[in-house]
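Reviewing the structure listed below.
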Amino acid sequence: MRAARLRRGLAMALTACSIVVTVAAAARSTVPGTPVQPELPAVRADNLAARYAANHRFITESGRAARDMGDDGRAKVLGQLARKDRHFLSFSPRGDGQVVEVLGDLAHADRIAVVVPGSDTTVDTFDQLGTVYASLHGGASALHAEMNRLQPDRKTAVVAWYGYPAPRTMSRDIVSTDRALDGGRRLAGLIGDLRTVNAAAPVSLLCHSYGSVVCATALRRMDAPAESSLAEVVLFGSPGTGVRSRAELRTRVPVWAGRGATDWIEGVPHVSLDLLGEQVGFGTDPVTAAFGARIFPAGPGSHSDYLRPGGLPLRNISLIALGRGTEVSDD
């Protein structure tokens, strides 16, 4: 259902040269009585514990406010986020929210992976979207576990980065680069922050679906010190990146791309048009020779299967994130 809707929306925008009318549900408004966003310590190694603690208090207070206002659904979500064993660099309950979670020891990691999600990510779907592993938290957790399984002698950290206003599937934003422009600026800032926290750890950008458009935008605006921290970029389930080729990403690091055999996003029109000053469509298919990425086998799965525990794409993505791209395979 979701796949068919997205294909129809893209066809309307790209073949009829018109803008898709927004039919997505309105974003959740801020819960009345939500506590004031706290002033957070800067993102530095010596501040991480204090920053995690401040966000934990804010999440707990926001959950209490939601419950007091009768918003039991949001209160339940925030109760899950407020568990003591979870750590957040950033959090906001406003509208669709923002959540940036850290799994592992960021300051002392040997490798860091940043998972950048696509459409329909919100604070309410952060933990649960269809299936657990399809959610940002579930996928990031599976990735962290697989990286540790493949190389238990190496310290790893994974950042589940919902740090931009992701588009809704049935909206004009899903075929436009507008959300990615804002997201790319924020993501570039995160990479700079990670370098401040742990300059020695190579960082891999793992970009799913519309998140690959966000990553491409970040690469094109990242300053030299931040880019020097990057080790790999991985695009999976990508509709395109908003550019014609890997060369236009203006990065020296390896760029990988993969697509599951039954991923419906293969049917998305791979064109890019300027309509009334707005870029619609995302250009060249990243898994084609014309784009120029390194291809990794992604198995028989569909659009939500890339980080499924036990799956081939999870293994290959984890190997790339560990700096072991020569070991990717199709079995």
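The values are calculated or read from the model by the stated rules, or taken from the named source; none is laboratory data. All values derive from a computational prediction rather than experimental measurement. As a convention, Cβ positions derive from the backbone with ideal geometry for all residues, glycine included, and neighbour counts pool all protein chains shown. All accessible areas refer to the heavy atoms of the entire protein, side chains included, with ligands and DNA or RNA removed. Shrake-Rupley method; radii C 1.70, N 1.55, O 1.52, S 1.80 Å.
Pick out, from 307, 91, 283, the residue whose Cα sits farthest towards the positive end of the charge dipole of the chain, with +1 on the Cβ of Lys and Arg and -1 on the Cβ of Asp and Glu.
The one lying farthest along the dipole's positive direction is 91.
Please work out the FRET efficiency for the pair residue 247 and residue 105, using the Cβ-Cβ distance as r and a Förster radius of 41 Å; give the result to the nearest 0.05.
Here the calculated transfer efficiency is 0.70.
Trypsin sites (Lys or Arg not before Pro) within the stretch 276-327: which are DSSP loop residues with at most 15 other Cβ atoms inside 10 Å?
Qualifying residues, ordered by number: 324.
Going by accessible area, probe 1.4 Å, with all protein chains left in place, what is the ranking of 147, 69, 170, largest first? Kindly include the intermediate steps, with their values, before the conclusion.
On the way: 147 0, 69 105, 170 60 Å².
The ordering from most to least exposed comes out as 69, 170, 147.
What are the ³J(HN,Hα) couplings of the stretch 242-249, residue after residue, when phi is run through the Karplus curve with 6.51, -1.76, 1.60 and θ = phi - 60°? Round to Hz, x for glycine and proline.
Those phi angles translate into x, 10, 7, 7, 4, 4, 6, 6 Hz.
Based on alpha-carbon positions alone, could you give the equivalent ellipsoid semi-axes of the stretch 113-159 from the gyration tensor, as √(5λ), descending, whole Å? Write down the numbers at each step before the final one.
Numbers: eigenvalues 105, 21, 9 Å².
Computed over the stretch 113-159, the values are 23, 10, 7 Å.
With a ≥ b ≥ c the root eigenvalues of the C-alpha gyration tensor of the stretch 31-88, is it rounded (a/c under 1.5), prolate (a/b larger than b/c) or oblate?
Details: a/c = 4.00, a/b = 1.87, b/c = 2.14.
Oblate, because a/c is 1.5 or more while a/b does not exceed b/c.
Check residue 257: other-chain or 5+ apart residues with amide H under 5 Å from its amide H, H built from backbone geometry?
235, 294, 295, 296
Given contacts defined as C-alpha pairs under 8 Å and at least six residues apart, what's the relative contact order of the stretch 40-79, whole-number percent?
Relative contact order, the stretch 40-79: 30 percent.
Given contacts defined as C-alpha pairs under 8 Å and at least six residues apart, what's the relative contact order of the stretch 114-243, whole-number percent?
On the way: 214 pairs, mean separation 36.3, N = 130.
That works out to 28 percent.
First compute the accessible area of the stretch 81-135 with a 1.4 Å probe, then give the percent of it belonging to carbon and sulfur atoms.
52 percent
Go ahead and run the numbers for FRET between residue 60 and residue 262, Cβ-Cβ distance against an R0 of 41 Å, rounding to 0.05. Show your work: numbers first, answer last.
Values: r = 41 Å, r/R0 = 1.00.
Efficiency, from the Cβ-Cβ distance: 0.50.
Per DSSP helix of 4 or more residues, -39500 (n - 2.57); summed, then divided by the residues of the chain. What does that give at 222 nm, rounded to the nearest 500?
-10000 deg cm²/dmol
Find the accessible area per residue for the stretch 126-197; the probe is 1.4 Å, ligands and nucleic acids are left out, and the unit is Å².
That works out to 35 Å² per residue.
Can you send over the carbon and sulfur percentage of the accessible area for the stretch 188-253, probe radius 1.4 Å, protein chains only? Could the numbers behind the result be given before it?
Values: 980 of 2080 Å².
Of the solvent-accessible surface of the stretch 188-253, carbon and sulfur hold 47 percent.
So in the chain, what percent of DSSP beta bridges are antiparallel if you round to the nearest 5?
Just about 40 percent of them are antiparallel.
Rank 134, 271, 147 by how far each Cα sits towards the positive end of the charge dipole of the stretch 95-322 (+1 on Lys, Arg Cβ; -1 on Asp, Glu Cβ) and give me just the farthest.
147
Could you check which residue among 306, 52, 162 shows the biggest mean-square fluctuation in a GNM of the chain with a 10 Å Cα cutoff?
Most flexible of the set in this elastic network: 52.
So, in Å, what gap is there between the alpha-carbon centers of the stretch 186-247 and the stretch 261-331?
Measuring centre to centre over Cα atoms gives 15 Å.
With every protein chain kept in place and ligands, DNA and RNA left out, what is the accessible area per residue of the stretch 201-264? Probe 1.4 Å, answer in Å².
I get 30 Å² per residue for this part.
Considering only 114, 169, 297, whose Cα is most displaced toward the positive end of the charge dipole of the stretch 95-322, charges sitting on Cβ of Lys, Arg (+1) and Asp, Glu (-1)?
Farthest along the dipole direction, towards plus: 297.
Quick check on the stretch 189-331: take the gyration tensor over C-alpha atoms, sort the square-rooted eigenvalues as a ≥ b ≥ c, and tell me if it's rounded (a/c under 1.5), prolate or oblate.
It is oblate, given that a/c is not under 1.5 and a/b is not larger than b/c.
Which residue, 153, 96, 223, has the most motion in a Gaussian network model of the chain that connects Cα atoms within less than 10 Å?
Largest GNM mean-square fluctuation: 153.
Report relative contact order for the chain in percent, whole number only (criteria: Cα-Cα under 8 Å, sequence separation at least 6).
17 percent
Go through [x] 49, 48, 36; [y] 60, 38, 33; [z] 60, 39, 38 and flag the label whose value is the computed Cα extents along the principal axes in Å for this structure.
[x]
Could you give the size of the charge dipole of the stretch 95-139 about its Cα centre, using +1 on the Cβ of each K and R and -1 on the Cβ of each D and E, expressed in debye and rounded to the nearest 20?
Approximately 140 debye in magnitude.
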